[in-house]
Amino acid sequence: MFFLQRFKKLTDLYRNSLYLCRCNSNKSRNTIKDKLKNGPGLKEFIVASSEITKPSGLDPPKIPYLTNYPQIAETRKVFFDVYGCQMNLNDTEIVWSILKKNGFQKTEVEEEADIFLVMTCAIREGAESKIWYRLDHLRGFKRRRALSKYRQKPVKIGILGCMAERLKEKLIEKEKAVDVVAGPDSYRDLPRLLALTDSGQTAVNVLLSLDETYADVMPVSLNENKVSAFVSIMRGCDNMCTYCIVPFTRGRERSRPVTSLVEEVRYLAERGVREVTLLGQNVNSYRDVTQQSGTSETQLAKGFKTVYKTKKGGLRFADLLDKISAIDPEIRIRFTAAHPKDFPDEVLEVISERPNICKLLHLPAQSGSSAVLERMRRGYTREAYLDLVDRVKQKIPGVGLSTDMICGFCGETEQEFQETLSLMEIVDYNVAFLFPYSMREKTTAYRRYKDDVPEEVKKDRHNRMLELYRKKCQALNEAEIGSTHLVLVEGSLKKTSQIIGRNEFYLRVVFDQAEILAEDNGRRSVKPGDYVAVKITGARSSVLRGVPLYHTSISQFYREVSWGERSCLKQI
């Protein structure tokens with residue numbers, strides 16, 4: 001009431017001044033106008049009002065929608081739970097960058113945490129089951145905290161990522177303990193959402209975006225001493241495979257500008273990162289539309305097709321690989337995941353020409369049966385896929401291959417599954433990710449097909465795939481005994497003093513610590529971030545063992561080695 005009275009009084013004064021202006025002569029009117037023009041404004045009125053003594057017992061109001069409001073964070077400590085793919089790990093680093101900028105702290109000790117943020121995956125049922133179990137634990141933790149002496153800081157639980165978008169209603173209705181639900185495109189909104197929970201309400205933002213790429217957010221690593229890093233180059237997917245939930249949880253494809261990616265990789269290089277993995281749901285369909293490159297159209301691999309219209313213009317994946325790999329020739333470049341259709345010859349040529357682009361290509365087949373591939377709407381046949389494999393091996397001698405395989409998809413017969421096994425026999429995969437099919441709501445398969453392969457059959461087929469894969473890997477790895485691999489050292493094994501690193505095909509290589517020849521002809525021990533030439537002396541299906549020979553670099557190691565010999569330089 002007091003403010004209203006004061007405002008009315010000021011308004012009356014202003015009106016009286018205008019009345020005097022109209023009544024006086026032109027000279028007097030001009031004089032009064034000048035005085036009004038130079039007189040007090042709205043700012044002065046507000047300042048004057050703020051000098052009034054505040055009534056006792058009242059605190060200034062909290063305004064949760066102001067992101068820079070100093071009381072939002074209040075030294076709240078965040079604990080991250082990360083499930084799923086490498087993309088989720090990168091998303092967590094983006095989330096931490098946003099929260100850190102807004103005054104939050106991070107902890108790795110549950111008892112210290114005030115906020116638990118669970119980065120979820122919705123691709124397979126198994127991943128979701130783990131998250132439900134974790135939520136049961138957090139619900140109990142939240143209840144115990146409410147009864148403890150720390151109850152003045154109640155625990156908040158946030159669900160982030162794909163599962164948040166897919167099961168938003170279920171999370172809110174069933175999981176009463178959940179305070180925040182945020183989809184993959186709403187991480188910028190997390191400070192506001194967390195502030196809203198202080199009033200006891202559940203905060204939700206699962207809106208998908210057509211342009212959000214977080215291009216201006218520099219991810220903050222959860223592990224400050226790591227030698228490798230993930231860089232997200234695009235988000236979403238347009239392929240619309242019938243079994244896949246990604247287009248419905250992460251939206252349409254959109255790519256980050258090349259300039260922001262070059263800047264981020266250069267930033268990582270300056271801080272000692274020795275390996276960068278480019279991430280996306282379908283990295284090789286990358287298209288930077290902020291920079292047009294004539295009227296070039298999307299070039300698909302021979303024999304492949306897609307459900308969407310041909311896209312024109314923009315810088316493509318081959319352009320990005322060219323620019324990223326040129327930043328520092330001593331930084332390894334990897335990329336995942338990819339789609340076989342987007343491997344035209346220009347991409348293969350860039351990979352072949354650059355020593356620091358790892359020669360491990362991800363070619364997810366998903367099935368070896370043309371009939372199953374058609375039901376999956378993959379856009380190729382078994383024959384087209386095998387033709388692509390042959391062309392890749394011809395363009396990049398010594399190339400390694402990785403894949404994804406699904407068994408038990410809707411209507412899969414034993415004969416169709418046998419075709420998958422035969423494809424694995426023909427193609428020597430160095431790395432494979434094998435899964436039994438699990439039906440997901442919202443997908444085309446959910447609407448069109450019936451999940452009619454019994455669970456025990458899926459489990460049996462999955463075991464048979466794993467058995468064949470391990471046998472093939474054992475043979476491939478044993479063939480490397482006696483050869484020398486370039487290994488990037490990651491650290492040491494927890495239970496022993498042995499050193500662990502990865503070769504070009506992302507296989508783990510283990511060897512004993514030793515002082516070996518350095519670039520300056522001296523000798524020194526091995527530390528994380530070093531490139532070391534290692535002679536392979538033993539092999540298992542998932543790990544190689546060896547003896548360290550000397551410190552080296554990418555350019556030095558491959559200087560006199562032909563591409564066909566680069567992964568297996570024999571010691572004479």
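Run the paramagnetic zone check for MET218: 7 angstrom along Cα to Cβ, then residues of region 74-111 with backbone nitrogen under 16 Å.
Only 93-102 fall inside the zone, counting backbone N under 16 Å.
For the ranges 365-372, 81-88, 392-399, what's the packing order if you count other beta-carbon atoms within 10 Å of each residue, average per peptide, and put the highest first?
365-372, 81-88, 392-399
Please give the length that would be gained between ARG252 and GLU169 if that part of the chain were fully extended, namely 0.36 nm times their separation in residues minus their C-alpha to C-alpha distance (nm, one decimal).
Full-extension gain reported as 27.7 nm.
Seen from all sides and averaged, what is the projected area of the convex hull of the Cα atoms in region 424-536, in nm²?
Result: a mean projected hull area of 11.1 nm².
Could you sort the peptides 185-198, 299-312 by per-residue average Cβ neighbour count (10 Å cutoff), highest mean leading? Before the final figure, lay out each step's value.
Working: 185-198: 20.9, 299-312: 14.9.
Put in order of decreasing packing, that is 185-198, 299-312.
With the Cα gyration tensor of region 495-544 giving a ≥ b ≥ c as the square roots of its eigenvalues, does the rule (a/c under 1.5 for rounded; else a/b larger than b/c for prolate; else oblate) give rounded, prolate or oblate?
Prolate.
Given H placed on each backbone N at 1.01 Å, which residues far from TYR550 in sequence or on other chains put an amide H within less than 5 Å of it?
ALA533
Principal axis lengths of region 275-414 from Cα atoms, whole Å, largest first?
49, 34, 24
Given H placed 1.01 Å from N in the peptide plane, which residues other than close sequence neighbours of ARG508 have an amide H under 5 Å from its amide H?
LEU544
By its C-alpha gyration tensor, with a ≥ b ≥ c as the square roots of the eigenvalues, how is region 82-149 shaped: rounded for a/c under 1.5, else prolate for a/b larger than b/c, else oblate?
Oblate, since a/c reaches 1.5 and b/c is not below a/b.
Given a 1.4 angstrom probe, what's the average accessible area per residue across region 310-357, in square angstrom?
31 Å²
Can you give me the C-alpha center-to-center distance between region 379-394 and region 97-162, rounded to a whole angstrom?
For region 379-394 versus region 97-162, the Cα centre distance is 45 Å.
Just the Cα atoms of region 231-272, one point each, no solvent: what log10 I(q)/I(0) does Debye give at q = 0.14, 0.23, 0.29 Å⁻¹?
Ignoring solvent entirely, the Cα scatterers give -0.45, -0.73, -0.92.
Would you calculate the separation in nanometres between label points at GLN498 and LYS450, each defined as 7 Å from the Cα along the Cα-to-beta-carbon direction?
The two pseudo-label positions are separated by 5.1 nm.
Stretched out fully, how many nm does the piece from ALA371 to GLU353 gain, at 0.36 nm a residue minus the Cα gap?
Full extension from ALA371 to GLU353 adds 2.8 nm.
Over 24 Å between Cα atoms, which of LYS459/LYS494; LYS305/LYS395; LYS341/LYS393 qualify?
Over 24 Å apart, Cα to Cα: LYS459/LYS494.
Work out the FRET efficiency for LYS77 and THR290 from their Cβ-Cβ distance, taking R0 = 45 Å, and round it to the nearest 0.05.
That gives a FRET efficiency of 0.75.
When a/c reaches 1.5 or more, the comparison of a/b and b/c decides; with that in mind, is region 165-323 rounded, prolate or oblate per its Cα gyration tensor?
In terms of gyration-tensor shape, oblate.
What's the ranking of 344-355, 271-282, 451-462 by average number of surrounding C-beta atoms within 10 Å, highest first?
Per-residue Cβ counts within 10 Å, averaged per peptide and sorted highest first, yield 271-282, 344-355, 451-462.
The values are calculated or read from the model by the stated rules, or taken from the named source; none is laboratory data. Here the structure is a predicted model, which is why all the values come from computation and not from measurement. Reconstructed Cβ throughout: ideal geometry from the backbone, glycine too, with neighbour counts over all protein chains shown. SASA here: full protein model, heavy atoms, side chains in, ligands and nucleic acids out. Shrake-Rupley method; radii C 1.70, N 1.55, O 1.52, S 1.80 Å.
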